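A short reminder: the numbers here are calculations on the coordinates, not readings from a lab. Note that this is a predicted model, so its numbers are computed, not measured. Here the Cβ positions follow ideal geometry from the backbone for every residue, glycine too, while neighbour counts run over all protein chains shown.
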């Protein structure tokens, strides 16, 4: 997914995500000291202008994108937890939905259909592979049903129990989509940079 994109495309993705984080940081609730630290803009510009191989430059950008996405998740996750603690479930679900639609799903690549052999093995073992698309569809259904369905039971304890059960299901899908949005290509190791001259870079 990433390797096929140009340096310009990767920079655009990184800037867009950083912009989202800047907006959220105006009212941040997470412990920002635990954030993954990013390269400064001047440092990043310097590296991308260097004679470093294109693939190494891409690895730097992809790694930076991955770190921003983790920081974004932690901010959304902390907001969800605070709303949940105050039993503001509607608000918590809206926060999760924003993250799912704008940060997680765009990074979930298309999955290949299993081969005939793999389908046969799954049939023999009765094991079904977990498909990200199923979680994406399930999120949409559960999100809509949360705001469309009205609990009719007159027993308060039962009503609250059912509501919490639905919320927990949405929160589980939220976590799963976050996990699915990452692959082994999302956080490649950056090259070791040695600054020996302000105008040049060696690695």
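Going from the fewest other Cβ atoms within 10 Å to the most, the residues 45, 186 appear in the order 45, 186. Residue exposure proxy: 139, 146, ordered by other Cβ atoms within 10 angstrom of their Cβ from fewest to most, comes out as 146, 139. In a Debye calculation with equal point scatterers on the alpha-carbon sites of the stretch 1-87 and no solvent, what is log10 I(q)/I(0) at q = 0.19, 0.22, 0.23 Å⁻¹? Log10 I(q)/I(0), no solvent term: -0.86, -1.05, -1.12.
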